[in-house]
Amino acid sequence: MTATHFDGFLADGTNDVHYNLRLADGQVISIKAAPGVSEVDVYLPDEIATPAGDAWELEDNWEEWLTAGDDPVDGRHFYEIPVGDVRKLIEERGGEHADQSDPTLDRFDQAVADGTGTGRRPMLRIRLADDQVIAIEATAGDGYVNVYLPETVEAPRGDAWELEERELRLTRMDGEPLAGRLFYEVPASHVRALIWRRGGEHADQTNFS
């Protein structure tokens, strides 16, 4: 597989900042490189396990490293990783994603701005780019949301995710159980970061309103 964007980072450098690289599986890593170097700095989100090998020993654990404006993203920063090891990681995850644009968060951002309303189904379902489905409840302009994560989505680390209710069970529109956990009063920026690093929102939100 040809890591075309990664090759571009290596050839041109990243202007002393981290450039995001979306992988084929929807995860986003970030690369900091100078032109023509043989080693780069790499940011990995928590969803990507640290690769085996001595190359990944220089690690800085940043729980709120910024990759998208003011949104915190849990993960780890690795220094001086040989280019070959980074290329291997990219290829093991299917190569680069065809779409390198910023992940879409329109549905979430609108819900935070306008609120999700009340009634029989006050929680808004959001299908993510990796086909996972979360649900949020928001009051217009509050800045905090209640968020339901299915069991297949691990909750990020940190104090923002401490208020947890494990007994609630939501269902899909077709009645299929959606087992998971409900977290109360999570800052919207933390939920936005979770959505962002899973590739953003899925283009098809049918039957998840």
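The values are calculated or read from the model by the stated rules, or taken from the named source; none is laboratory data. As the structure is a prediction and not an experimental result, all values here were calculated from the model. Glycine gets a Cβ as well: all are built from the backbone with ideal geometry, and neighbour counts include every protein chain shown. Surface areas here come from the heavy atoms of the whole protein model, side chains and all, with no ligands, DNA or RNA. Shrake-Rupley method; radii C 1.70, N 1.55, O 1.52, S 1.80 Å.
For residues that are modelled with pLDDT of 85 or more and more than 15 Å from VAL147 (Cβ to Cβ), scanning just the stretch 157-209, find the one that is surrounded by the most Cβ atoms within 10 Å (Cβ to Cβ).
Here the residue is GLY200.
ALA3 is checked against (1) at pLDDT below 90; (2) open to solvent by less than 20 Å² (accessible area, probe 1.4 Å); (3) under 19 Å from the mean Cα position of the chain (by Cα); (4) more than 24 Å from VAL153 (Cα to Cα) and fails just one. What number does that condition carry?
Every listed condition holds for ALA3 apart from (3).
Within the stretch 127-155, which residues are open to solvent by 50 Å² or more (accessible area, probe 1.4 Å), over 12 Å from ARG198 (Cα atoms) and not in a strand (DSSP E or B)?
Of everything in the stretch 127-155, those that are open to solvent by 50 Å² or more (accessible area, probe 1.4 Å), over 12 Å from ARG198 (Cα atoms) and not in a strand (DSSP E or B) turn out to be THR139, ALA140, GLY141, ASP142, GLU151, THR152.
Conditions tested, residue by residue: (1) at pLDDT 85 or above; (2) of a type in the set (Val, Ile, Thr).
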site	(1), (2)
ASP74	no, no
TYR79	yes, no
VAL86	yes, yes
ILE90	yes, yes
ARG93	yes, no
GLU96	yes, no
ASP109	yes, no
THR118	no, yes
PRO122	no, no
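Condition check: open to solvent by less than 70 Å² (accessible area, probe 1.4 Å), closer than 18 Å to VAL186 by Cβ, of a type in the set (Val, Ile, Thr) and not in a strand (DSSP E or B). Does THR104 satisfy that?
Details: open to solvent by less than 70 Å² (accessible area, probe 1.4 Å): yes; closer than 18 Å to VAL186 by Cβ: no; of a type in the set (Val, Ile, Thr): yes; not in a strand (DSSP E or B): yes.
When the stated conditions are applied, THR104 does not pass them.
Consider the stretch 129-142. How many of its residues are among the small types (Gly, Ala, Ser) and modelled with pLDDT of 90 or more?
3
Taking the stretch 1-29 as the region of interest, how many residues are in contact with a strand residue (DSSP E or B) (Cβ under 7 Å, 6 or more places away or on another chain) and under 14 Å from ASP85 (Cα atoms)?
Within the stretch 1-29, residues that are in contact with a strand residue (DSSP E or B) (Cβ under 7 Å, 6 or more places away or on another chain) and under 14 Å from ASP85 (Cα atoms) number 3.
Starting from the stretch 4-19, take each residue that is of a type outside the set (Phe, Trp, Tyr) and list its partners that are open to solvent by less than 30 Å² (accessible area, probe 1.4 Å) and assigned to a loop (DSSP other than H, G, I, E, B), counting only C-beta distances under 6 angstrom and pairs at least six apart or across chains.
As it stands, the answer is LEU10/ALA33; GLY13/ALA33; THR14/ALA33, since those pairs meet every condition given.
Out of all the residues in the stretch 6-24, which are open to solvent by 60 Å² or more (accessible area, probe 1.4 Å) and not β-branched (Val, Ile, Thr)? Break it down into steps so the answer makes sense when it comes.
Start the filter on the stretch 6-24 by keeping residues that are open to solvent by 60 Å² or more (accessible area, probe 1.4 Å), which leaves 11-12, 15-17, 19.
Of everything in the stretch 6-24, those that are open to solvent by 60 Å² or more (accessible area, probe 1.4 Å) and not β-branched (Val, Ile, Thr) turn out to be ALA11, ASP12, ASN15, ASP16, TYR19.
Condition first: touching a helix residue (DSSP H, G or I) at 6+ places or on another chain (Cβ under 6 Å) and either assigned to a helix (DSSP H, G or I) or modelled with pLDDT of 90 or more (or both). Now tell me which residues in the stretch 43-66 satisfy that.
Our first condition is that a residue be touching a helix residue (DSSP H, G or I) at 6+ places or on another chain (Cβ under 6 Å); within the stretch 43-66, this holds for 45, 50-51, 55.
If the condition is that a residue be touching a helix residue (DSSP H, G or I) at 6+ places or on another chain (Cβ under 6 Å) and either assigned to a helix (DSSP H, G or I) or modelled with pLDDT of 90 or more (or both), then THR50, PRO51, ALA55 are the ones that fit.
Residues are listed down the side, and each one gets a yes or a no for (1) free of Cβ contacts under 8 Å to residues at least 60 places away in the same chain; (2) of a type in the set (Asp, Glu); (3) in contact with a helix residue (DSSP H, G or I) (Cβ under 9 Å, 6 or more places away or on another chain):
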| residue | (1), (2), (3) |
| --- | --- |
| PHE78 | yes, no, yes |
| PRO103 | no, no, yes |
| ASP109 | no, yes, yes |
| ALA135 | yes, no, no |
| GLY141 | yes, no, yes |
| TYR144 | yes, no, yes |
